[in-house]
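Asks: If you scroll down you'll find the structure; I have some questions about it.
The values are calculated or read from the model by the stated rules, or taken from the named source; none is laboratory data. Note that the structure is predicted; figures quoted are calculated from it, not measured. As a convention, Cβ positions derive from the backbone with ideal geometry for all residues, glycine included, and neighbour counts pool all protein chains shown.
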Amino acid sequence: MRKYIKIKQWITYFLLIIMLAAVISPALSPAAAADLEAMDFEDGTTMGFTARNENDTSVLTVTDEMAHSGTYSILVTGRSAGWNGPSINVEDDIEPGVQYTISVWVHAKTPDRSNFRLSTQIGNDANVTYHNIIQRQTTVSEGWVELTGTYVFPDDDYITIYIENDASSAEFYIDDVSIAQTTGGGFSFDSSLPSLAEVYKDYFLIGSAYSRADFAGQRFELVRHHFNVMTAGNYMKPDALGGREKGAYNFARIDPLIDILEDEGILSHGHTLVWHSQSPDWLNKNADGTVLTRAEARANMQEFINTVAGHFAGRVISWDVVNEAFQTSVHTAPSDWRSALRKGGTSNDSSAWFGAYENGADTDAGESGADYIYDAFVFTRLADPGAILYYNDFNETEAGKREVIAKMTEELNEKWKTDPRNTEPDRLLIEGLGLQAHYWTDSLDVRDVSDTINRWKRTGAELSITELDIPMGSWNNYKSMTDALEMTQARFYAELFILFKRNADCIARVTIWGIDDATSWRSAGSPLLFEGDGTEKLAFYAVMDPEGFLAGDYNDIRNTESGEPPVTPAPTPPAPEPTPAPQETLPPPTQDETTPPPPEEMPSDNAMPVIFIIVGAIVLVTGGAGAAYYVIKKRKG
Ligand code: XIL
């Protein structure tokens, strides 16, 4: 009996020790890898969260005043700038090139209304970059709100996730932070599917936009498989290259990536030199935010373009020299294209380049703020005569916007003919026009795209589709992906690629703006060809074989009950396209092109009616949209 009691005592001691160890161990090892998925601060520590750096005055206190779950949260006080806030280093715990879903619950304490941002900092030296993952406005009375978004981390030795608030002295609580792989399985794609670059090799280049995370693992394999030209999504913008201070150029991040692309035989397009957005203030503004004089801004532009375009000379095939110079919407073209430009000022529709060029313009001599556009093209031509120079813009399908862009191109190209700096009399200055092609499933009318192509090619410039994506929904109103919307989106991709093929004589490149839905800048609308885990969408099949897709050549695994494995369709070899009429024989612009016809009417010089009639007939014959298209779709798991 005594022996039995002793054994019982020993078991009790043993259990007590185990329980004690369980209680104290989290406190001894904060932020172990697994903790990233469940940071609830119930152990009474900040679990690895600190202020962002030594200049961040944030004070982090674990408190039981408030909690999203359990008893504890972190209270953040003492902030003195919008960028201050709780931050956690994750570089040792995350896998690069894989998508993570990040979620943080926040509760405002003061002021009553403020704007939170969940962001990530990559790098801690001259190459530092900051990405906002999600932002959200909230009020104290809303209580706990979730900030959540996805992110693919690059390979870097310094990566943080942090929470900031636009109000510099805002106080708030955070709780239940989770940083977990979105799919658990990472990213993989089906390399047995035909290469898009190969499918379109007789038509145009096929590209995508990249960030550093796309240079690892299966993401890079996908790039190598499908694309023969790449555009940096952000790294070649003026703010990325031009530095915060004048003269502090930074090519350290982009150069190795361009080297890798070169080694793979993948071309690079440069985006962008002169833009109202994502540009350092020193180019055209004083420290107090007022614009520089025309002469100062012009000298800065010339120096910037000489440095940047000179640096990449021979390594990029083309440049978006000027990006988005026109106002967001131009419904009807004014008689002078200049009046539709973004002007000086501080509205969303302004450009400090225009403002600065206007500041000191000799209006009697015909000078105006608009002159920065011509200068930008001339400086770039002189700095890199080998590159094809593009003007690039969005909402390019609006009748007025398409027209002012065409008019500007024609006028500046005419002016260049007699410019003494022009040593190539037969060559245009603005040699390319870029359709950004940021469309929406709810509002895209492919006839408008056709009209823009028809009008722009009459300028003599080559065209490129530079940033194609088609999110589900309409402007400011993203919709979640449903089977029906995925089909609508895929049909748009198919119709667009049929249109592009018909115009292959004047289209040099089609670039899709990103690789997968989760990392797209418009991820809320699932706009691209691949899902976040690399699974191809219907849109992929639509691009791979647009005619076959619209003709219903594909069986949709989701519409078969048999459970048989999907059969990967053999790619249809590209059919020879009818040669479009030479540009000279096209009629001059008609009123139809500046005033869009009502939807039932077809513009007269438009090739699209044939396509629409064929598509319409197929829909009728096969019995309506949902059932009409049966598409093989490989589903993982
Ligand atoms: C976008 C990038 O994709 C985002 O990552 C960034 O936050 C904002 O800019 N028109 C352009 C591109 O010319 O540079 C923009 O790219 C999308 C709109």
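Asks: Checking the condition closer than 23 Å to Phe153 by Cβ, touching a residue at least 12 places away in the same chain (Cβ under 8 Å) and outside the structural domain of His131 (by TED's automatic domain parsing), which residue from Thr293, Thr231, Thr272, Thr307 passes?
Replies: Result of the check over Thr293, Thr231, Thr272, Thr307: Thr231.
Asks: Among the candidates Phe227, Phe220, single out the residue that is surrounded by fewer than 20 Cβ atoms within 10 Å (Cβ to Cβ), under 18 Å from the mean Cα position of the chain (by Cα) and at pLDDT 95 or above.
Replies: Phe220
Asks: Search region 424-437 for residues that are on the phi > 0 side of the Ramachandran plot and pair each with any residue that is of a type in the set (Ser, Thr, Tyr) and assigned to a loop (DSSP other than H, G, I, E, B) when their beta-carbon atoms are under 9 Å apart and the residues are at least 6 apart or on different chains.
Replies: Pairs found: Ala437/Thr397.
Asks: Is it fair to say Leu463 is touching a helix residue (DSSP H, G or I) at 6+ places or on another chain (Cβ under 7 Å), assigned to a loop (DSSP other than H, G, I, E, B) and not charged (D, E, K, R)?
Replies: no
Asks: Got a sec? Which of Phe304, Phe326 is of a type in the set (A, V, I, L, M, F, W, C) and within 15 Å of the ligand (Cβ to nearest atom)?
Replies: Among Phe304, Phe326, only Phe326 is of a type in the set (A, V, I, L, M, F, W, C) and within 15 Å of the ligand (Cβ to nearest atom).
Asks: Continuing with the same structure: Please work out if Ala299 is away from the ligand (no atom under 16 Å from the Cβ), assigned to a helix (DSSP H, G or I) and more than 18 Å from Ile430 (Cβ to Cβ).
Replies: So Ala299 passes the test.
Asks: Is one or more of the residues making up region 475-493 touching a strand residue (DSSP E or B) at 6+ places or on another chain (Cβ under 6 Å) and among the small types (Gly, Ala, Ser)?
Replies: no
Asks: Suppose we keep only residues that are buried (at least 22 other Cβ atoms within 10 Å of the Cβ) and of a type in the set (Gly, Ala, Ser) within region 429-448. Which one would you say is farthest from the ligand (Cβ to nearest atom)?
Replies: Across region 429-448, the extreme among qualifying residues is Gly432.
Asks: Of the residues that sit in region 95-118 and are part of a strand (DSSP E or B) and small (Gly, Ala, Ser), which one is surrounded by the fewest Cβ atoms within 10 Å (Cβ to Cβ)?
Replies: Taking the candidates together, the pick is Ser103.
Asks: Filter region 331-343 down to the residues that are surrounded by 21 or more Cβ atoms within 10 Å (Cβ to Cβ) and within 11 Å of Lys407 (Cβ to Cβ), then identify the one that is farthest from the ligand (Cβ to nearest atom).
Replies: Taking the candidates together, the pick is Ala333.
Asks: Let me ask another. Could you please find all residues in region 504-530 being at pLDDT below 95, surrounded by fewer than 21 Cβ atoms within 10 Å (Cβ to Cβ) and either part of a loop (DSSP other than H, G, I, E, B) or away from the ligand (no atom under 14 Å from the Cβ) (or both)?
Replies: Residues satisfying the conditions are Trp521, Arg522.
Asks: Name every residue in region 129-139 that is β-branched (Val, Ile, Thr) and either within 16 Å of the ligand (Cβ to nearest atom) or surrounded by 15 or more Cβ atoms within 10 Å (Cβ to Cβ) (or both), in order of residue number.
Replies: Passing the criteria: Thr129, Ile133, Ile134, Thr138.
Asks: Being of a type in the set (Lys, Arg) and under 26 Å from Ile258 (Cβ atoms): is that true of Arg338 here?
Replies: No, not satisfied.
Asks: Separate question: State which residue pairs qualify: first residue in the same structural domain as Ile305 (by TED's automatic domain parsing) and aromatic (Phe, Trp, Tyr) and inside region 245-268, second residue surrounded by 12 or more Cβ atoms within 10 Å (Cβ to Cβ) and not in a loop (DSSP other than H, G, I, E, B) in any location, beta carbons under 8 Å apart, and separation of 6 or more residues or different chains.
Replies: Here the result reads Tyr249/Leu241; Tyr249/Thr307; Tyr249/Val308; Tyr249/His311; Phe251/Leu241; Phe251/His311, each pair linking region 245-268 to a residue that is surrounded by 12 or more Cβ atoms within 10 Å (Cβ to Cβ) and not in a loop (DSSP other than H, G, I, E, B).
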